[in-house]
1. Run through the DSSP bridge list for the range 107-264 and note the antiparallel percent, rounded to the nearest 5.
2. Once label points are set 7 Å from the Cα along Cα→Cβ at both GLU54 and GLU127, what is their separation, rounded to one decimal in nm?
3. Under a point spin-label approximation (7 Å from Cα along Cα-to-Cβ), what is the LYS308-ASN86 distance to one decimal in nm?
4. Roughly what would the spin-label model give for MET38 and SER62, points 7 Å off Cα along C-beta, in nm?
5. Quick one: grab the alpha carbon gyration tensor of the range 205-309, order the square roots of its eigenvalues as a ≥ b ≥ c, and give me rounded if a/c is under 1.5, else prolate or oblate depending on whether a/b is larger than b/c.
6. Between beta-carbons, use under 13 Å as the cut-off and find the net charge around ASP272, counting Lys and Arg +1, Asp and Glu -1.
7. Once R0 is set to 30 Å, what does the formula 1/(1 + (r/R0)^6) return for the Cβ-Cβ distance between PHE153 and PHE206, expressed as a FRET efficiency to the nearest 0.05?
8. Taking a ≥ b ≥ c as the square roots of the Cα gyration tensor eigenvalues, with a/c under 1.5 meaning rounded and otherwise prolate when a/b beats b/c, else oblate, which class fits the chain?
Amino acid sequence: MKILVAGAAGFIGSHLCERLLELGHSVLALDNFITGSMDNIAHLTGRPDFRFIEQDITKPFSTEAEGPIDGIMNLASPASPKDYLNYPIETLDVGSAGSRNLLEIARVQNARYLIASTSEAYGDPLEHPQTETYWGNVNPVGPRSCYDESKRFAEAITMAYHRKHGVRTNIARIFNTYGPRMQLDDGRVVPAFVDQALRNQPLTVFGSGAQTRSFCYVSDLVEGLWLLSQSDERYPVNLGNPVELSMLEFAERIQAAAGVFTPIEFHPLPQDDPQRRRPNITKAKRVLGWEPRVSLDEGLACTVAYFKGKLSPVRA
Ligand code: UDP
């Protein structure tokens, strides 16, 4: 199959491209590099089954010259709190205009369409763990609303194209994911803590550190996305690892993985930072036969090794 991947030069997008190529598909990769990087896909360019086009999907464009497309997987969006706070308008545009442009291509080409949505669709959740039937607790005018509402709109327009035009759609609600190719400076907790540990600096825990997250290794996540993209499930499916940790516990796990035990420094909690987050993945298990396989310790070991390679020599 020929699969269009939007956001192909991003963290998850680039791993997805690799997996699709491994499965024997060809990839039409799009990115505008707002937060992605050519470094993530440079090793794929030049392959006959991989074609890259620099394209902002919020602008009108055509893929006619590229021939028939069988599937579209839309991972295009700034996704870290720091990035979407820097690019709030672009984030809203990509979920709305960008989604619409790709859904039109899916409709015209009779291609499958998967949107990468997010656990942020649940906002600061009042139900725990979060199941797909929970409608969420989102502040529509808070700092994170540009991302949350963009993704909620993206889900809504995806369902509208399915209902109105019969497009074969899927909605993945992705929970915190980590692994090689995260940007060192994107502000997210995994690169932040690993970077700080490797530089022998204090780990910056926001708030009391009692807030929780659940971290999924990127190879597990990508497998879930692929399985979902081939399923007939039209309603959202949570993809994430249900092992839940407080940020204080997580800081300790990263210190252990890096073998560096620097002090913890407490910083103010950002506004609307969700207090608890953990996916209920019963539906993914039932519908896709999917569950994560990589343990946190294994995943962190690979991640720390990757970031070590990226850093200039660690100061003594
Ligand atoms: N966090 C932290 N220290 C940091 C960066 C993040 O304690 O240096 C916390 C943040 O407040 C949040 C959690 O880690 O509770 C996860 O943050 P991240 O930005 O990775 O993603 P989010 O899940 O909030 O989208």
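We did not get these values from a lab; they are worked out from the coordinates using the rules stated. Nothing here was measured: the structure is a model prediction, and the numbers come from that model. We place every Cβ from the backbone using ideal geometry, glycine too, and count neighbours over all the protein chains shown.
1. Within the range 107-264, antiparallel bridges account for around 20 percent of the total.
2. In this crude spin-label approximation the distance works out to 4.4 nm.
3. Once both label points are built, they end up 2.8 nm from each other.
4. So the label points at MET38 and SER62 sit 2.8 nm apart.
5. Here the range 205-309 falls in the oblate category.
6. -3
7. Numbers: r = 28 Å, r/R0 = 0.92.
With a Förster radius of 30 Å, E is 0.60.
8. It is prolate, given that a/c is not under 1.5 and a/b is the larger ratio.
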